[in-house]
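Undergrad: Provided herewith is a single structure, encoded as structure tokens, for subsequent inquiry.
The values are calculated or read from the model by the stated rules, or taken from the named source; none is laboratory data. Just so it is clear, the model here is predicted, and its values are computed rather than measured. So basically every Cβ, Gly included, is an ideal-geometry build from the backbone, and we count neighbours across all protein chains shown. The area values use the complete protein model at the heavy-atom level, side chains included, leaving out ligands, DNA and RNA. Shrake-Rupley method; radii C 1.70, N 1.55, O 1.52, S 1.80 Å.
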Amino acid sequence: MASTLEKFIHSLDPRALPRVLQIQSGIYFQGSIYEMFGNECCLSTGEVIKVIGFKINKLIASICENNEDSQISAKVELPLNFPGLYKVVADKTPYLSIEEITRKFSIGPTRFGHPSFYCPEDIKLANLTIKHGEQITFSSVEEINGTMAVNCGVVRNNQSHSFTLPLSQEGKFYECEDDQIYTLKEIAEWKIPKSRNRIVKLSNALHVWDSSNPLPENFGGCLVLTPVYEVKAVMKFRKDIVHILSDLDVEVKDITDCYDISSFLQPLSLEDVFERTSKEFPMVAEIMEGPQGSQKPYNLLCTGKEIIIYKKYQAKRVLASEIRSDSPKRHFLIPMSYKGKFKRRPREFPTAYDLEIARSEKEQLHVVATKAFDSPHKELFSVSVGDQFLVQQCQTSEVLYEGRKKVVDVLACEQILSHTYKKVLLPMYMEGGFVEVIHDKKQYQLSEVCKDFRLPFNVKVSVRDLSIGDDVLAAVPGLQLEEEITDSYLLVSSVSRPGDGWEIPVYRLNMSVHLLSKDVQTVVPPATRTTVEEISEEQYYMVRRYENQTLYPPPRPPKKPA
């Protein structure tokens with residue numbers, strides 16, 4: 001049965017990809033010429049294409065001046081980076097099974113992928129009864145004893161209770177109100193269910209309004225968002241990947257079940273290649289869609305080029321960020337083979353607790369106070385700006401609080417005076433400010449920093465890596481080395497220059513290849529050339545492991561009443 005491309009993509013489950021479509025009718029009787037991102041293709045009637053992926057490209061927003069029940073006054077087109085923060089309005093139409101929810105919502109590892117629902121009736125499980133109206137949070141989908149199920153949770157009396165619901169579970173499930181705020185990009189990626197629109201309210205007023213803004217001035221109503229998808233497809237007699245917007249005026253028919261899908265080229269992402277067994281390497285591939293960027297080796301990986309993929313492996317990197325007070329900061333992944341040298345830079349510590357975390361047995365931590373602190377207890381030290389300390393160790397101490405003795409955690413230090421040292425105790429809850437005094441003038445290799453010091457650690461490049469044509473780290477005034485990570489890489493070279501091998505990241509490079517039936521002449525991988533990789537803010541948060549493991553100081557007890 002034929003349908004518009006827009007309707008087909010809106011209802012398509014990504015898990016059902018790839019799909020083979022036949023064009024039933026185009027914009028013109030002879031077919032339609034269509035161009036996007038420099039890819040021109042002719043979607044003539046009868047043409048067959050294989051859809052291999054799709055993502056939201058932009059949003060059509062219907063403007064409701066007052067609330068979601070108001071009449072629509074206009075429709076505007078919004079890019080995903082359109083400014084503003086938005087609240088999601090809960091959908092009033094119920095979902096009729098758990099399977100329908102998993103098919104229409106993105107359920108994933110981040111907080112964005114944890115939708116919440118309630119059921120107007122009790123759900124009785126083997127060891128738990130979910131009460132009607134109780135908020136059920138979905139966290140992941142997995143196969144349990146041969147049955148697909150959703151891992152869920154409810155919170156009762158500040159305690160979380162976990163359970164699973166099979167996809168076959170039926171009932172009426174309503175979306176819960178969401179008190180979080182999101183950018184349009186976050187809403188597009190996580191909060192628009194398949195085959196449905198999404199109503200949002202602008203949470204904050206746009207700072208600057210001008211005549212180019214598509215929304216009315218001082219807008220306080222609702223937006224009904226309809227996604228427009230960018231469809232990635234392979235055509236029968238082309239070696240590249242074409243991009244088509246879902247609102248293109250063509251009708252299509254799904255003929256996957258009666259078509260030989262192997263007659264198309266098989267595009268593979270780098271993740272697909274990495275999932276191949278080690279015995280299948282080395283292999284020769286042709287690039288169907290190259291990555292964006294002018295940085296080596298990405299500028300060498302252009303569409304149509306043949307490459308040798310020698311092997312897959314895991315390699316260590318150090319995640320680093322530029323030290324600066326304003327944002328945005330630049331972020332880097334530095335290979336352990338980096339040949340430049342570093343000198344230490346002073347670290348800053350907002351609390352006494354941070355001093356304890358940074359304390360090392362290798363050397364004594366010397367700091368200067370940058371912020372005054374008046375201790376509420378006479379047993380503990382009051383700090384003035386400019387006071388210098390040598391950090392000793394964490395211990396406990398008794399203090400008098402509201403007429404009673406109380407044991408608190410403290411940091412034992414030595415205050416540096418003109419000709420002597422004074423033993424003092426700083427409360428661990430102390431909110432002050434300290435900056436490190438560096439006495440070490442040594443230059444360190446990256447591996448030495450990771451071995452000798454606890455990360456995060458502040459450095460500056462003192463000798464740049466001469467093996468890199470343009471060492472981007474050398475121009476950065478200060479770097480914080482945050483943590484070591486292990487990441488997935490492929491070792492590749494061009495067929496024309498097999499001795500020139502590069503490491504390329506598997507999960508941060510948007511690139512497609514198809515395998516060629518060619519023998520690899522060079523079976524021994526060439527010497528590996530690595531590069532410092534500058535990553536985006538979004539990629540930075542994807543690779544950070546300690547984001548939710550930060551340790552916080554113990555709470556400060558209330559001040560003594562005046």
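Undergrad: Please pick out the residue among 333, 300 that is open to solvent by less than 10 Å² (accessible area, probe 1.4 Å) and assigned by the TED database to the domain that holds residue 483.
TA: That would be 333, the only listed residue that is open to solvent by less than 10 Å² (accessible area, probe 1.4 Å) and assigned by the TED database to the domain that holds residue 483.
Undergrad: Residues of the range 309-334 being closer than 21 Å to residue 492 by Cβ and within 21 Å of the chain's Cα centre (by Cα), which ones?
TA: To start, the set of residues in the range 309-334 that are closer than 21 Å to residue 492 by Cβ comprises 309-317, 333-334.
Answer for the range 309-334, where residues must be closer than 21 Å to residue 492 by Cβ and within 21 Å of the chain's Cα centre (by Cα): 314, 315, 316, 317, 333, 334.
Undergrad: In the range 90-199, which strands (runs of 3 or more DSSP E) lie fully inside it and hold 3 or more residues that are hydrophobic (A, V, I, L, M, F, W, C) and not assigned by the TED database to the domain that holds residue 14?
TA: 136-144, 147-156
Undergrad: Now, a different point. Look through the range 249-267, keep the residues that are open to solvent by less than 20 Å² (accessible area, probe 1.4 Å) and at pLDDT below 90, and return whichever of them is farthest from residue 18 (Cα to Cα).
TA: Checked the range 249-267; the qualifying residue farthest from residue 18 (Cα to Cα) is 250.
Undergrad: Would you say residue 217 is of a type in the set (D, E, K, R), modelled with pLDDT under 90 and not in a loop (DSSP other than H, G, I, E, B)?
TA: In short, no.
Undergrad: Also, I was wondering about something else. Within the range 109-120, is even one residue within 30 Å of residue 177 (Cβ to Cβ), open to solvent by less than 60 Å² (accessible area, probe 1.4 Å), at pLDDT 90 or above and among the hydrophobic types (A, V, I, L, M, F, W, C)?
TA: yes
Undergrad: If you don't mind, there's one more thing I want to ask. Only one of these conditions is not met by residue 397: (1) outside the structural domain of residue 476 (by the TED database); (2) open to solvent by 40 Å² or more (accessible area, probe 1.4 Å). Which number is it?
TA: (2)
Undergrad: Could you check residue 439 against (1) within 26 Å of the chain's Cα centre (by Cα); (2) within 28 Å of residue 372 (Cβ to Cβ); (3) surrounded by fewer than 16 Cβ atoms within 10 Å (Cβ to Cβ) and say which number it fails?
TA: Condition (1) is where residue 439 drops out.
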